[in-house]
Amino acid sequence: MIQSMTGFGKHVIQLPSKKITIEIKSLNSKSLDLNARIPSSYKEKELQLRKTIATALVRGKVDFSLYVENTGDETTSVINEVVVRQYMKQLSAIANVEDAHLLEMAIRMPDAMKTEREDIDEEEFVAIEEALVVALKEINIFRSEEGQVLDDDFVTRITTIKNLLIDVEKLDVDRLSTIRERLEKAVADLAVNLDANRFEQELIYYLEKYDITEEKVRLTNHLDYFITTLKSVDSNGRKLGFICQEIGREINTIGSKANFAPLQQVVVQMKDELEKIKEQMLNVL
């Protein structure tokens, strides 16, 4: 079952004095490109969080955000009294205002507040890890649902290519005879005497170069293999991409050998369907 690389997961936990929100968003990428936004006090745990995310998501451009909101009475920010008094002293030298106004101005100046670093509470971090696991489950559900949409679209387009291949089979019945008639007429128009046996041998050799039997067989096999891989347990966008390349190679060869306008028109339709598959394939995990 394929998965999309597009997804979103979110989980909120309420601790006694903090509200913690975890958000994870992902888009398509050739590899895992993880951007983490977390408070500085949790930086020492960043590698551990990244490892958990990388294991669950494998690939994609991922944005991970950890928001911490204090809901209790305690705070880690305190007034830097020494700095504030120095600001007030300097301000009083250039402005004749009341102390209350001086304090109001000083408290807005740089470094007027200082944040005391907190040690990470292990129970709190366990709760964060559990919330991360829930958010990752949500984003993977999202990815699976998006993957089902892609799966349905791929099956429809592969089926369309198979039906177009049936049209190729029908057109191929008359194609070689049409090419033969065209060549015989061209030779007849030259009004020259040719050895009939030699001409027949050369004609057979020429027509064999335009035979597309092998390409039709290989294309059928590639289309079947695509569906088999699509329905496998693991999502493997890279493998499906390689199969698409092989499908494209056979379609292009049929087109180059066609030498028959109705058949070339069918090949163009097959290419169009394959290009749409390739565009969507960029988003498959």
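Structural remarks
- Cα centroid separation, the range 207-285 to the range 82-149 (Å): 55 Å
- Each Lys or Arg adds one and each Asp or Glu subtracts one; over the other residues with Cβ under 13 Å from the Cβ of residue 2, this totals -1.
- Highest GNM mean-square fluctuation among 262, 110, 39, for the chain modelled with Cα contacts below 10 Å: 110.
- Degrees separating the helix 46-57 axis from the principal Cα axis of the chain, which is the longest one: 30 degrees
- Taking the C-alpha atoms only, the angle from helix 122-190 to the longest principal axis of the chain is near 20 degrees.
- Which of 102, 57, 277, positive extreme of dipole for the chain (C-beta unit charges): 277
- Sorted peptide list for 234-247, 79-92, criterion being average Cβ within 10 angstrom, highest first: 234-247, 79-92
- Antiparallel content of DSSP bridges confined to the chain, in %, to 5: 80 percent
- When the convex hull of its Cα atoms is projected in every direction, mean area for the chain (nm²): 26.5 nm²
- Applying the Karplus relation 6.51 cos²θ - 1.76 cosθ + 1.60 with θ = phi - 60° to the range 231-240 yields 3J(HN,Hα) values of 8, 6, 5, 8, 7, 9, x, 5, 5, 4 Hz, where x marks Gly and Pro.
- Karplus-derived 3J(HN,Hα), 6.51/-1.76/1.60, for each residue of the range 80-97, Hz, glycine and proline x: 7, 4, 4, 5, 4, 5, 5, 4, 4, 5, 5, 5, 5, 6, 10, 9, 8, 10
- Shown in residue order for the range 243-253 are the 3J(HN,Hα) couplings computed by the Karplus curve 6.51 cos²θ - 1.76 cosθ + 1.60 at θ = phi - 60°: 5, 4, 4, 5, 4, x, 4, 5, 4, 5, 5 Hz (x for Gly and Pro).
- The label point for residue 98 and the one for residue 63, both projected 7 Å from the Cα toward the Cβ, are 4.7 nm apart.
- Among 61, 43, the order by Cβ neighbours within 10 angstrom, fewest to most, reads 43, 61.
- Selected from 112, 135, 68, residue furthest toward positive end of dipole (the chain; charges at beta carbon): 135
- Size of charge dipole - the chain - debye, nearest 20, with Cβ of Lys, Arg +1 and Asp, Glu -1, no other charges: 640 debye
- Summarising the amide proton neighbourhood of residue 33: residues at separation of 5 or more, or on other chains, whose placed amide H is nearer than 5 Å comprise 60, 61, 62.
- Stretch gain in nm, segment residue 30-residue 54, where the contour uses 0.36 nm per residue and the Cα spacing is subtracted: 7.3 nm
- In this structure, the residue pairs whose Cα-Cα separation is over 29 Å, taken from 30/257; 19/45; 43/89, are 30/257; 43/89.
FYI, it's all coordinate maths here, none of it is from the lab. Everything quoted here is computed from the prediction, not taken from an experiment. Neighbour counts run over all protein chains shown; Cβ positions are idealised from the backbone, glycine included.
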